Every structure is written in structure tokens, then in C-alpha cells.
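The values are calculated or read from the model by the stated rules, or taken from the named source; none is laboratory data. Computed from a prediction, not measured in an experiment: that's the story for all the values here. Here the Cβ positions follow ideal geometry from the backbone for every residue, glycine too, while neighbour counts run over all protein chains shown.
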Amino acid sequence: MCNFLRLNNPLTRYLRLGDYLLILMSIIGILWLFNNLWSNEQAAKVQIRQGETIVGTYGLNQTREIQVKGPIGTNTISISNGRARFSKSPCRNQYCIHQGWLNRAGQAAICLPNQISLELIGGTKPYDSLTY
Amino acid sequence: MNARHIQTTIEDHQVAKLAAFAIALHMIEAVIPSPLPGVKPGIANIITLFVLYQYGFATAAWVSILRVFASNLLLGQFLSPTFALSLGGASLSLGILWLAMRLPKHYFGPVSLSILAAFGHIAGQLIIVRLWLIPHAGISYLIPIFATAALFFGLINGLITARLITSK
């Protein structure tokens, strides 16, 4: 029975010791990636960029509309209840609007035609105190 | 007519035949819908890996690069961003295979090479996306998903390659 399993199961037949180790390390690496890149941290600020320049960084604990000018017109960005979104855009595809409200640290939305981007920043970004 | 005759060797024919197989697999894969752009089984890599084991690295590199050029020409994506992603992925994947083939064969079989090549593919594509298409941290969210897909499909392609090699 054991012999039968060994011969017919492709996993035991084709995998060698190093293969098992590599798979194990890959799984650990992927779990590490999930843990680090999928933060559930509530965002505290939103950073708005136009092209190469940072237009501004705004706290999310306010209700506010921000107008940002780009090469094809003006985008409106709304902030309310700890969230931020693109609410008006002169671009044709409106992808940035469809991204909807963002509220977690690390989330981002971009309007490529107008070169404007939003990036949500958590309260614990290491250079926070240096910059602001 | 004064046509110039190009001398071809047996190796050239072999490369062409193997590349044709890889192109066919790439075409089949192109019609399979994917839940997320970039998450693909990468079955053409089975050919690259098989050729690496049977004919060596140089032939595998030829087959892989020819596959990228020909498939993208056939799909009408030549010189488009998709082509750049394809080429970037294949190049980094080949670079990693070039290093990984030096691992002790007794412990590391085709499955290891396949998984490493799959990670290379995804890493090459992500680097191009980051540098050229979306110079922004926004895509980091997708990295764990791409890595999971790479591990899964790398394992399956590796098992298929192992089977092909041993059945020969």
C-alpha cells in the first residue's frame, strides 16, 4: 500500500529534499508578504501628488474638497470620515472615480491622464515626524 | 533571382521546433480568461524548462526569447506594454534559471527550478510595471497574490516537466 502510494503520487515521486525546502520557504515568504503588504491599519493622512510634486498631505479627520490642477483639467478629491476619494475628474475613462473611497494605509488611486495620485498613509510611517 | 541562401544547422531546426511548441502553448493560454491581469499558468515555461534539461541553457534561452517575440507578434502586442512585460519576465526568469541550474541536482529537481523561474517571471514584470507603467507604490497590494499564483503554477509546471523528463 505504501509502495503503491509512493509510486503513483506525483508529489512524492518527483519532489526532492531541496524542493520541499524551497516550497516551505516560499510559503513562509508569501505569508510574510501578506502580513507586510496587506496592512489593515486605518489611514491617518492622504498624500496628493501631481506629476513629480507633492501637492499636499491632509489629515483624514475632516470633511473637505481639494481641487488639483493637471495637464487636462482639474480633479476634485473629497475627504470625509477618515476616507478619501476622487470625486470629479476631467479624464475620459474615470477609473480613478470608480476606485471609490479609500481608507486603509497603503491604498492608492491614480488618475493617469491628469497625473494625479492619492496615497493613504498610516499614522506610523517612520518619517512622519521628520516631514511634518 | 539572386536570393541569398541562409545556412541553417540541425540545432537551428531544433530550436525552431521547440519554440513552435512554446508558441502554441502561449497561444492556448492567451484565450484562457484570467481573474487578474498577470495571473496566468505560464504553461509555455514547461517547454523552457524541458529544453533546459534536455539541451542546455543556450537553447532554452533561444526558445524562450523566440517564444516571446513570435507570440506577441501573433497576438498583435509587439512593442506594446504587454510585450515589454512578457520580455522582462522571460529575461529575469532566464537569469534566475541560469543561476538555479547550478544548485545540486541531487536535492533540487525541476520543481525547484520551475518555482524559481515563476518567481523570476513575476518579479521581472513587477519591476517593469513599477519603473515604467505605474511609478507608484499602488501595486504593492497585488504582490502577495502574484507570488501565491507563481508558487502554485510553478509547482504544477515543475511536476509536469519532471514527468516529461523521466518519461523520455
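List of remarks:
- Extreme residue, farthest from the other protein chains (Cβ to nearest Cβ), among residues of region A:96-107 that are buried (at least 20 other Cβ atoms within 10 Å of the Cβ) and modelled with pLDDT under 85: A:Cys96
- Residue check for B:Arg102: in contact (Cβ under 8 Å) with a residue 24 or more places away in the chain, basic (Lys, Arg) and at negative phi: no
- Selection within region A:86-95 - modelled with pLDDT under 85 and not in a loop (DSSP other than H, G, I, E, B): A:Tyr95
- Of all residues in region A:11-34, those being more than 9 Å from chain B (Cβ to nearest Cβ) and modelled with pLDDT under 90 number 1.
- Residues satisfying the stated conditions in region A:114-132, i.e. over 21 Å from A:Gln62 (Cα atoms) and at pLDDT below 85: A:Pro126, A:Tyr127, A:Leu130
- In region B:111-121 there is at least one residue that is without any contact (Cβ under 8 Å) to a residue 40 or more places away in the chain, of a type outside the set (Val, Ile, Thr) and closer than 30 Å to A:Ala105 by Cβ.
- All conditions in (1) without any contact (Cβ under 8 Å) to a residue 12 or more places away in the chain; (2) on the phi < 0 side of the Ramachandran plot; (3) small (Gly, Ala, Ser) hold for B:Gly56, with the sole exception of (2).
The rows are residues; the columns are (1) of a type in the set (A, V, I, L, M, F, W, C); (2) surrounded by fewer than 14 Cβ atoms within 10 Å (Cβ to Cβ); (3) farther than 30 Å from B:Ile115 by Cα.
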site: A:Arg16; (1), (2), (3): no, no, no
site: A:Leu33; (1), (2), (3): yes, no, no
site: A:Gln47; (1), (2), (3): no, no, yes
site: A:Val55; (1), (2), (3): yes, no, yes
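- Qualifying residue in region B:24-41 (condition: in contact (Cβ under 8 Å) with a residue 40 or more places away in the chain, over 28 Å from B:Ile143 (Cα atoms) and either part of a loop (DSSP other than H, G, I, E, B) or not small (Gly, Ala, Ser) (or both)): no
- Condition met for B:Arg163 (closer than 26 Å to A:Leu11 by Cα, in a helix (DSSP H, G or I) and among the charged types (D, E, K, R)): yes
- Within region A:6-85, strands (runs of 3 or more DSSP E) holding 1 or more residues that are touching a residue at least 12 places away in the same chain (Cβ under 8 Å) and under 15 Å from A:Arg104 (Cα atoms): A:43-50, A:53-59, A:73-80
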